[in-house]
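I'd like to ask you about the structure that follows.
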Amino acid sequence: MPNDTDPSLPDLAPDEHFCFDCNPQVPCFNRCCAELTLPLTPYDVLRLRRHLSLDSKTFLTSYTTMQTMPETGFTLCTLTMNKEPGEPCPFVSPVGCMVYEDRPSACRSYPLGRGTRLGAQGVIERFFLIKEDHCHGFDEGPERTPISWFEDQGLSPYNASNDRYMRLMSLVSAGKKPLDERMQSMARLALYYGDEFRQMITKMRIFKRLSLSQERQERILRDDMDGDAACLDFAYDWMELIIFGACDTLTRA
């Protein structure tokens, strides 16, 4: 994943123009869908596993590799490429992406990169172009800007959720004390195993300990895409509360 301060990736202003297009007629079509180290955020996982009608454990076991980031103790989840010549993405076919409607944020944003960091007034972002030697998408195509491209690719809910994960990791990193093993396990469960976390919420009666509106409780417990997103949003609040003892959007009963 490109670093926010990588000097080899010059900044692109939010309203700066570039030309790009990707379709089956481009000579390199599908070439960028192989030999990848593709990070999957918690929101990416919930969208993909819903698309495939899989529970979290089955999806994560079948399609990902998970490891712990030593500087924070949070999980780094990456998509596992197929073990065959060329190491293609497991969701790519000759005619394109088979999970296109719910493809990961890194795929949606390409060829743009978005670097983020936590500032005094919230999330600070920067944009940059990723130009790979094999890519012919820049040869022609309509004029774009980072703002129009991200809107066209439906990145708003992805970025909103991913920024929350970035904020949580940044707060832990700033304290220079990685999560202990117990917190690591809880963070992995809450953020990546949403269906199991929902079961834990009910079993442990977590809502009894919090001041949470009935409407929000019902959304979190809904077993559908909207419920998954609400559950993940709650998971970010829950982790902030149990790690730091306070959360601006969640209070104890």
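Looking at the range 225-245, which of its residues are in a helix (DSSP H, G or I) and more than 24 Å from His51 (Cα to Cα)? Reasoning before the result, please.
From the range 225-245, those in a helix (DSSP H, G or I) are 225-244; that's our starting set.
Matches in the range 225-245: Asp237, Trp238, Met239, Glu240, Leu241, Ile242, Ile243, Phe244.
Leu9 passes all but one of (1) of a type in the set (A, V, I, L, M); (2) touching a Gly at 6+ places or on another chain (Cβ under 8 Å); (3) surrounded by fewer than 15 Cβ atoms within 10 Å (Cβ to Cβ); which number fails?
(3)
A further question on this structure: I'd like the residue in the range 24-51 that is among the charged types (D, E, K, R) and out of contact with any helix residue (DSSP H, G or I) (no Cβ under 9 Å at 6 or more places or on another chain) and, out of all such residues, is modelled with the highest pLDDT.
Just the residues of the range 24-51 that are among the charged types (D, E, K, R), to begin with: 31, 35, 44, 47, 49-50.
From the residues that got through so far, the ones that are out of contact with any helix residue (DSSP H, G or I) (no Cβ under 9 Å at 6 or more places or on another chain) too are 31, 35.
On the way: Arg31: 90, Glu35: 93.
My answer is Glu35.
With the checklist (1) in contact with a Ser or Thr (Cβ under 8 Å, 6 or more places away or on another chain); (2) without any contact (Cβ under 8 Å) to a residue 60 or more places away in the chain; (3) under 17 Å from Asp102 (Cα atoms); (4) surrounded by fewer than 17 Cβ atoms within 10 Å (Cβ to Cβ) in hand, flag the one item Ser53 doesn't pass.
With respect to (1) in contact with a Ser or Thr (Cβ under 8 Å, 6 or more places away or on another chain); (2) without any contact (Cβ under 8 Å) to a residue 60 or more places away in the chain; (3) under 17 Å from Asp102 (Cα atoms); (4) surrounded by fewer than 17 Cβ atoms within 10 Å (Cβ to Cβ), Ser53 is out only on (1).
Scan the range 56-67 for residues that are in contact (Cβ under 8 Å) with a residue 40 or more places away in the chain and surrounded by 16 or more Cβ atoms within 10 Å (Cβ to Cβ) and report the count. Steps first, answer last, please.
Initially, the range 56-67 is screened for residues in contact (Cβ under 8 Å) with a residue 40 or more places away in the chain, giving 56-57, 60, 66.
Still in the running and surrounded by 16 or more Cβ atoms within 10 Å (Cβ to Cβ): 56, 60.
Residues meeting the conditions: 2.
To continue, here is another question. Taking Leu40 as the residue in question, decide whether it is buried (at least 16 other Cβ atoms within 10 Å of the Cβ) and either over 22 Å from Glu181 (Cα atoms) or not aliphatic (A, V, I, L, M) (or both).
no
If you scan the range 225-236, which residues turn out to be crowded, with 18+ Cβ neighbours inside 10 Å and of a type in the set (D, E, K, R)?
Matches in the range 225-236: Asp228, Asp233.
While we're looking at this one, here's another question. Give me the residue from the range 61-84 that is in a strand (DSSP E or B) and touching a Ser or Thr at 6+ places or on another chain (Cβ under 7 Å) and, out of that set, farthest from Asp44 (Cα to Cα).
Thr68
The values are calculated or read from the model by the stated rules, or taken from the named source; none is laboratory data. Predicted, not measured: the structure shown is a model, and the values here were computed from it. Using ideal geometry, Cβ is built from the backbone for each residue, glycine included, and neighbour counts are taken over all protein chains shown.
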